[in-house]
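The values are calculated or read from the model by the stated rules, or taken from the named source; none is laboratory data. Nothing here was measured: the structure is a model prediction, and the numbers come from that model. Cβ placement follows ideal geometry from the backbone for every residue including glycine, while neighbour counts extend to all protein chains displayed. The accessibility values were calculated without ligands, DNA or RNA, using every heavy atom of the protein model including side chains. Shrake-Rupley method; radii C 1.70, N 1.55, O 1.52, S 1.80 Å.
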Amino acid sequence: MEFECQESTTTFGKADNPYEEHVDLNPINCIISQQKSSVIAVTEKAKNLIAKLNGKSVHSSSSGSRDLVLVDDIENLSNLYLLSITDLPPSLISEILNCLEPKDLGVVSCVNTYLYKLAADHTVWKEYYCERWGQPLGGSPVLGPGGVPDVKSWKELFVEKEFRSRTFMGKYTLDSLFGHDEAVRTVFVLASKKLVFTSGYDQTVRMWDMEKGISIASSRPLGCTIRAVAADTRLLVVGGTDGFIHGWRAEEGNPHLFDIVAPQDEARQFRIWEHEGPITCVALDFNRIYSGSWDMSIRIWDRASVRCLNVLMHNDWVWSLTPHDTTVASTAGSDVYLWDAVQGVKIALMNGVHSGNSYSLARSHAGKLLFTGGEDGTIHMFEISANGGHCLQKVASWIPHTGPVYSLAFEFPWLVSASGDGRLSLIDVRKLLKTTRPSSIEKAPKFNRLDQTSIEPPQRMLHGFGSNLFSVDIGLDRIVCGGEEGVVRIWNFSEALEIEQRVRKLRGLRLENRMRRRRLQFDMTSKTARGEQCTVVARKNQITGDGISWHNKRRVSGKLKA
């Protein structure tokens, strides 16, 4: 495997250089003339680099940066031909590895033990993992005594997560959760605690155990339809059509975090009334609460004091929002907005993204990917670029549904959509990612903007509903959705993961047995070849009459007797 760093070639005219030599300033493979006492034109940068590789120091001459260096000892410089990437300093190799994609990084680690150690322990694995899936649920790897990891390394976590993401194409089991009396408008998966929160037209909030598929608790009726739910390990908030935000704070020692059954308590619960219309979406981050409403505004609240910090006004009803870091993406009418949450100013706007309302929105963990679903049944993928100011650039589009796309959920690399046609679509965006990174400085993901005819359709469609699907979420190898039937359904793909793990183990055993049989066959073949050589030698001695054959011995003994 080669890693070439292209540099420009410096050429002098005949007036400056009668030999008219071309010098390649490649820092790894320095091409040097094979003839002794040749004249090479190099810049001061190239001389310093050659001296660094040979462990020497070169001082600048007074004749300028383009001076002629007479090379008399070609044998010393010809040793540069024997250098490989492993002869470079570890810091330089680390910079080279930092420019590789995960697949290429894995290939490099198979070259030799030195590159394996550098590639396996490289910090870029953490960047790749957090860019795709955020922080791991079990915490980041911690190094124990002697530098030995107490838990899995970032590379192992990345490989395992990448493997688990492929299980959504395998077998699944379907669980149906009954408890709501009317249509379910919203579902939310809290993967770190294996909890599911649902709500809808029956005005109650229900908490479910994701693994066991049982109802844990149900709140008292809140007085109106609940269209939005969001939660983390510290706070649970819901938004109602009466324009209020109701929240529960987590309790210490409670295995399910929130006591939603208890009556309203000011210490553990709160309610905010400032919106002038139904609340359609809510979201949380570390310090803020976000809420969007049909009053054409998004309000940003402080989590501690529950005080409004900013109001973002739109030109139409707000349908959905997704915050990331200091920016907020939102949809209002058929338009898509991008806001600065701190300054409260609009950064970017795209008009008429969908034919009709833009109902749904999803965003990647790194915040660079944005997905929209609309009333026309289409799904658009945008890249948020920060070059010269934030802007939205369309990457791809799909039309997997015949009805409106009411909800989207994204967990790399799968985009899941729920539609009014009663179907779920699974779209793998992995092939849209470029296979090269531009530099180690810019960590933003890059995407191939393909022709629409070359973009693959959804990799999988999940059926089983005869009516509208209003909400969907994804987490822990499961897809959770709710709709007009009032039933919460969980598509469990963990069985596919177990099956795939058994298949990989059997494949490894078969490969090991095949290699063992080949080794035995090679040993038997080599022994047979040595035996045949001995037989050929014996037959040759009988035919040619060499002195060591028994015929010659008998003839000699007869002559002696005579």
Every pair of residues 6+ apart whose Cβ atoms lie under 6 Å, when the first sits in the stretch 173-186 and is surrounded by fewer than 18 Cβ atoms within 10 Å (Cβ to Cβ) while the second is basic (Lys, Arg) and not in a loop (DSSP other than H, G, I, E, B): 176/489; 179/206
Collect the residues in the stretch 426-478 that are of a type in the set (A, V, I, L, M, F, W, C), more than 17 Å from the chain's Cα centre (by Cα) and at pLDDT below 80, keeping them in residue-number order. 441, 450, 455, 465
Among the residues of the stretch 244-289 satisfying the criterion of being among the polar types (S, T, N, Q) and part of a strand (DSSP E or B), which is farthest from the chain's Cα centre (by Cα)? 269
Pick out the one residue from 483, 464, 508 that is among the small types (Gly, Ala, Ser), open to solvent by less than 80 Å² (accessible area, probe 1.4 Å), more than 14 Å from residue 409 (Cβ to Cβ) and without any contact (Cβ under 8 Å) to a residue 12 or more places away in the chain. 508
Do we have any residue at all in the stretch 199-206 that's open to solvent by 40 Å² or more (accessible area, probe 1.4 Å), part of a strand (DSSP E or B), under 19 Å from residue 181 (Cα atoms) and in contact with a Lys or Arg (Cβ under 7 Å, 6 or more places away or on another chain)? no
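Conditions tested, residue by residue: (1) open to solvent by less than 10 Å² (accessible area, probe 1.4 Å); (2) at pLDDT 90 or above; (3) under 16 Å from residue 339 (Cα atoms); (4) out of contact with any helix residue (DSSP H, G or I) (no Cβ under 9 Å at 6 or more places or on another chain).
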{"position": "257", "(1), (2), (3), (4)": "no, yes, no, no"}
{"position": "265", "(1), (2), (3), (4)": "no, no, no, yes"}
{"position": "270", "(1), (2), (3), (4)": "no, yes, no, yes"}
{"position": "273", "(1), (2), (3), (4)": "no, yes, no, yes"}
{"position": "276", "(1), (2), (3), (4)": "no, yes, no, yes"}
{"position": "287", "(1), (2), (3), (4)": "no, yes, no, yes"}
{"position": "295", "(1), (2), (3), (4)": "no, yes, no, yes"}
{"position": "298", "(1), (2), (3), (4)": "yes, yes, yes, yes"}
Grab the strands (runs of 3 or more DSSP E) fully contained in the stretch 324-436, keeping just those with 3 or more residues being free of Cβ contacts under 8 Å to residues at least 60 places away in the same chain. 327-332, 335-340, 345-350, 360-363, 369-373, 379-385, 391-398, 414-419, 424-428
Kindly indicate whether residue 230 is closer than 26 Å to residue 392 by Cβ, aliphatic (A, V, I, L, M), touching an Asp or Glu at 6+ places or on another chain (Cβ under 8 Å) and open to solvent by less than 30 Å² (accessible area, probe 1.4 Å). no
